[in-house]
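K.L.:
Have a look at this one before I ask anything.
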Amino acid sequence: MSDSRLADHFSEQGSLARLLDGFRPRPGQLDLSEAIAECLDDGQDLVAEAATGTGKTLAYLLPVLERDARSILSTGTLNLQEQLFHRDLPLALKATGRECRIALLKGRANYLCPQRLHQHLDSISELDESVVAELRLVERWAEHTRSGEISELAEIGSRSPVWPLVTSTQDNCLGSDCPMLRDCPVAHARRQAQEADVVVVNHHLLFADLALKQSGFGEVLPGAEAVIIDEAHQVPDTAMRFFSRGVSAWQLRELARDSLAACHGAAGSLKLLQVPIAEMKSRLDQAISACVDLPPRGEFGRLRQQLPAFEELARSLSALRQALDPLGEQSRDLANCADRAELLHDGLAGFLAGQDGHVRWFSSRRGRFTLNLTPLDVATPLKQLRETHPATWIMTSATLAVGDRFDHFTSRLGLEDARTLVVDSPFDYPTQTRLWIPKALPEPNHPEHTEALLDSVLPLLRANGGRAFLLFTSHRALQRAAQWMRSNTDFNLLIQEEAPRPVLLERFVHTPRSVLLGAASFWEGVDVPGDDLTLVVIDKLPFAAPDDPVLEATLKAAREAGGNPFTDIQLPQAVLSLKQGAGRLIRQADDFGVLVLGDVRLATRPYGRLFIKSLPPMTRVESGEEAARFLRDRLTMREMAD
């Protein structure tokens, strides 16, 4: 498409100005949109950092729609998918005047599986009464739902044990062999996606479809000329998780339960399977008991005392696999269980044996373990997958560059030949914000660092009337802070994990004098515009925990390859994480606020300059009094204006 047509859309009298109240042309938005259009025309990949306020969603939607080419739009969360599909895409279609078929495809866990519902209704005597009551609710709802999206059934909580019984996973889905395929909401949603011109997915679905892991329903992505990835900073970790292999206690428990349920209607199968299922469940319980005292995660070496239990579990799983194998011809359900037993056995055996270029690690919560075999390099397999599905890839996010360089991101994904672009924010950060780095704090590893930081920022909290996020790099520091705040303040405290994130954010916005204390999940994907949030405090530079087994192995590999693990890996990751946390403060053009960074290393270590350079150009203040005065003055101005 021509640059002039794009320029018209984003001009003062353009289509967007006619559709959006208060629309203001932003040069960066047009620059990004034109760069995307050029890359789509030339077939060149693009990696673009578009700062908050750029308007990157419309910047990529308009050139995509103007091309009339089949496109995949991928974003990070279900909420962002909904927003893109229900709000942004219809707006962009109106702006361009285009007509095309659009589809929203969610993960299969969001849809009812009629086959599994039917299966568990047949074996209802084996379920608890509370689960049976909810299963009956699902049965009645299933008779009239059109979409099959389980979010329609608000009467049942999202963590109810009934949902795994009536939704499918990649493991237990029967695919094209399912007797209820015609009524399957997942199949219906995928058919709509296959027929659409623009499909909205999430990152996990994107990778699953690339590798054809979602078997049984055909492919969604082949034929797409463009893949647009928003929130692209999440992609390296998503890819690493996706290319991992392994097995979990939950998968094994589900296999045992589904194998028993599959015996209904298959003559003689229960007699053959009852003993190996019971043996496998017994060995699984022993493995879970052996893991009860393990830390939440760790590398393979921490499992040496538990290895005999896992080896026994592998032998019992092998026996169940052998018992299931000849029964696969009796029913589709038994065939599916046989296939799953094979995959889980291979995953457990692969974990126990290890593999070059991979790290073995575990996670464990009350003994419910997950064993992972994770590749240290995802660039190579990702390149191979992309070669099988030729398309132009556009990756954009507010946090991709480290000091205006993209090497850290592009090298991890094998995108060294991609065009890169940095689009600065249109916001007036020097006027709208202040940055304070307290100088008198102890080093971040000092035992009294958290309390000293809170004591320093208390005058700001009072001047601001709450309206603050306190973000921490560890849950331990968060709990210390919560205890101190309860003892020394009368603010309305909202503590992560005391309620779901959406509930905490709702209370934060609607309850005066609120202070929200959060860890990792509040550093990104949280949008509180306006005067409700005008102070963000970050306790320390967010260097990844040194006990992360994948990071530890990655650092070791970098060291052995002659690189510098700190400057090549740890520092860039921490810079990007800090940019995410700082990005909570200013969300729209008339926002204001103060960012407090409670880590003296920003001033005492050479790498501190890189962190500061990577942040928006905030005006530095030298004292908490100056920062508090800025907040009071701004709030007074707002009150007078109202």
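The values are calculated or read from the model by the stated rules, or taken from the named source; none is laboratory data. Because the structure is predicted, anything quoted here is derived from the model rather than measured. Please note: Cβ atoms are built from the backbone with ideal geometry, for glycine as well, and neighbour counts cover all protein chains shown.
K.L.:
Out of Asp404, Asp455, report the one residue that is of a type in the set (Asp, Glu) and either surrounded by 19 or more Cβ atoms within 10 Å (Cβ to Cβ) or farther than 24 Å from Ala544 by Cα (or both).
P.N.:
Asp455
K.L.:
Further, regarding this structure: Just to check your reading of the model, which residue among Gly53, Gly43 is small (Gly, Ala, Ser), under 27 Å from Gly530 (Cβ atoms) and out of contact with any Lys or Arg (no Cβ under 7 Å at 6 or more places or on another chain)? Don't jump to the end; show me each part of the working.
P.N.:
Values: Gly43 fails: under 27 Å from Gly530 (Cβ atoms).
Just a single option satisfies the conditions, and that option is Gly53.
K.L.:
Only residues that are surrounded by fewer than 22 Cβ atoms within 10 Å (Cβ to Cβ) and among the hydrophobic types (A, V, I, L, M, F, W, C): list them for the stretch 105-116, please.
P.N.:
Listed by number, the list holds a single entry, Ala109.
K.L.:
OK, next. Can you find, within the stretch 261-304, the residue that is surrounded by the most Cβ atoms within 10 Å (Cβ to Cβ) among those that are farther than 20 Å from Gly246 by Cβ and among the charged types (D, E, K, R)?
P.N.:
The selected residue is Glu279.
K.L.:
Exactly one of these conditions fails for Arg434: (1) surrounded by fewer than 22 Cβ atoms within 10 Å (Cβ to Cβ); (2) more than 30 Å from Leu313 (Cα to Cα); (3) touching a Ser or Thr at 6+ places or on another chain (Cβ under 9 Å). Give me its number.
P.N.:
The one condition Arg434 does not meet is (1).
K.L.:
Checking the structure you have, find out if any residue of the stretch 270-288 is at pLDDT 95 or above and of a type in the set (Lys, Arg).
P.N.:
Within the stretch 270-288 (the criterion being at pLDDT 95 or above and of a type in the set (Lys, Arg)), the answer is yes, since at least one residue qualifies.
K.L.:
Among the residues of the stretch 157-172, which ones are farther than 23 Å from Leu334 by Cα and among the small types (Gly, Ala, Ser)?
P.N.:
Gly157, Ser158, Ser160
K.L.:
From the list Thr77, Thr54, which one is among the polar types (S, T, N, Q), within 23 Å of Pro616 (Cα to Cα) and out of contact with any Phe, Trp or Tyr (no Cβ under 7 Å at 6 or more places or on another chain)? So that I can check it myself, show each step before the final result.
P.N.:
Numbers: Thr77 fails: within 23 Å of Pro616 (Cα to Cα).
Thr54 is the lone residue from the list that is among the polar types (S, T, N, Q), within 23 Å of Pro616 (Cα to Cα) and out of contact with any Phe, Trp or Tyr (no Cβ under 7 Å at 6 or more places or on another chain).
K.L.:
In the stretch 60-80, how many are buried (at least 22 other Cβ atoms within 10 Å of the Cβ) and in contact (Cβ under 8 Å) with a residue 60 or more places away in the chain?
P.N.:
Of the residues in the stretch 60-80, 9 are buried (at least 22 other Cβ atoms within 10 Å of the Cβ) and in contact (Cβ under 8 Å) with a residue 60 or more places away in the chain.
K.L.:
Here are the criteria: (1) in contact with a strand residue (DSSP E or B) (Cβ under 9 Å, 6 or more places away or on another chain); (2) in a helix (DSSP H, G or I); (3) crowded, with 21+ Cβ neighbours inside 10 Å; (4) modelled with pLDDT of 95 or more. Tell me which single one Ala193 does not satisfy.
P.N.:
(4)
K.L.:
Now for a different question. Hey, can you tell me all the residues within the stretch 405-444 that are under 27 Å from Val537 (Cβ atoms), in a loop (DSSP other than H, G, I, E, B) and under 29 Å from the mean Cα position of the chain (by Cα)?
P.N.:
Asp424, Ser425, Pro426, Phe427, Pro444 - these are the residues of the stretch 405-444 that are under 27 Å from Val537 (Cβ atoms), in a loop (DSSP other than H, G, I, E, B) and under 29 Å from the mean Cα position of the chain (by Cα).
K.L.:
While we're on this one: For the stretch 474-489, which residues satisfy the criterion of being modelled with pLDDT under 95 and either β-branched (Val, Ile, Thr) or in a loop (DSSP other than H, G, I, E, B) (or both)?
P.N.:
Residue satisfying the conditions is Ser474 alone.
K.L.:
Would you please list the contacts, defined by Cβ atoms under 9 Å and residues six or more apart or on different chains, that run from a residue in the stretch 265-291 that is over 19 Å from Glu342 (Cβ atoms) to a residue that is charged (D, E, K, R) and part of a helix (DSSP H, G or I)?
P.N.:
Taking only residues 6 or more apart or on different chains, the pairs are Gly265/Asp122; Gly265/Asp333; Gln286/Glu312; Ala287/Glu312.
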